[in-house]
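The values are calculated or read from the model by the stated rules, or taken from the named source; none is laboratory data. What you see is a predicted model; the values in this text were computed from it and never measured. Note that each Cβ is placed from the backbone with ideal geometry, even for glycine, and that neighbours are counted across all protein chains shown.
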Amino acid sequence: MKIIVGLSGGSCAIYGVGLLKVLKELEIETHLVVSTMGEYVANHECGISLEELKQMATYFHENKNLAAPIASGSFKTDGMIIVPCSMRTLGAVANGLSDNLLTRAADVVIKERRKLVVVPRETPLSVIHLENMLKLAKIGVTVMPAAPGFYHQPETIGDIVSIMVGRILDQMDIQHNLFKPWGD
């Protein structure tokens, strides 16, 4: 598999970091792109530098590089996950504004009818946010707010991250053992 992973400036960078770690463990090829605020938030919330993020990915692409392979539909991937997904990034993707690599890669995934999962983290949500989410959902994008369930009875922040990362992987049909499914 080849998965594009985008980290934008919304809070909950811990989910993006957790996702990258699990995809690396599963030996899934990742193409990472990080926005300027995504880099800032990962460092602020997780103490992780851009260099450390790069080490978690198979390939790293500069957000300004619109000539990167992931900017073209002829570069086949299995989909893209944007986690966290800021409202700025969500709005740009919902409205086809491909002004950087992160939003261009999402635009390509949509036009090629590949799987796109966005994990927004904002509260409260404005009507604009909700309309942008609805617009994406109507075209088949999975909108997965960063809202983990607690029926698994997590005991640590790591448990909460595993639940959310596992649910994201479920959307991409990637097998994992991050949590016990309901009913098991």
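Selection of the stretch 164-184 for residues being of a type in the set (A, V, I, L, M, F, W, C) and more than 17 Å from Leu20 (Cβ to Cβ) yields Phe179, Trp182.
Among the residues of this structure, Glu122 does not count as one that is over 21 Å from Leu7 (Cα atoms) and acidic (Asp, Glu). Under the condition of being part of a helix (DSSP H, G or I) and either β-branched (Val, Ile, Thr) or in contact with a strand residue (DSSP E or B) (Cβ under 6 Å, 6 or more places away or on another chain) (or both), the residues counted in the stretch 137-184 number 8. Of the residues making up the stretch 138-159, those that are within 17 Å of Thr89 (Cα to Cα) and either free of Cβ contacts under 8 Å to residues at least 12 places away in the same chain or of a type in the set (Val, Ile, Thr) (or both) number 4.
Could you tell me whether Arg114 is surrounded by 12 or more Cβ atoms within 10 Å (Cβ to Cβ) and modelled with pLDDT of 95 or more? Taking the combined requirement at face value, the residue satisfies it.
Among the residues making up the stretch 41-61, those that are out of contact with any strand residue (DSSP E or B) (no Cβ under 6 Å at 6 or more places or on another chain) and either among the β-branched types (Val, Ile, Thr) or under 27 Å from Gly140 (Cα atoms) (or both) are Val41, Ile48.
Can you confirm whether the stretch 144-166 contains a residue that is surrounded by fewer than 17 Cβ atoms within 10 Å (Cβ to Cβ), farther than 29 Å from Glu25 by Cβ and out of contact with any Leu (no Cβ under 6 Å at 6 or more places or on another chain)? No.
Within the stretch 13-26, the presence of at least one residue that is out of contact with any Lys or Arg (no Cβ under 7 Å at 6 or more places or on another chain), among the hydroxyl-bearing types (Ser, Thr, Tyr) and under 30 Å from Glu131 (Cβ atoms) is confirmed.
The residues of the stretch 80-102 include none that are over 19 Å from Ala146 (Cβ atoms) and among the β-branched types (Val, Ile, Thr).
You will find that of Val108, Val117, Val93, the residue that is assigned to a strand (DSSP E or B), in contact with a Ser or Thr (Cβ under 7 Å, 6 or more places away or on another chain) and in contact (Cβ under 8 Å) with a residue 12 or more places away in the chain is Val117 and no other. Residues to consider are Thr123, Thr142, Thr156; find the one that is among the polar types (S, T, N, Q) and under 30 Å from Ala67 (Cβ atoms). Within the list Thr123, Thr142, Thr156, the selection yields Thr142.
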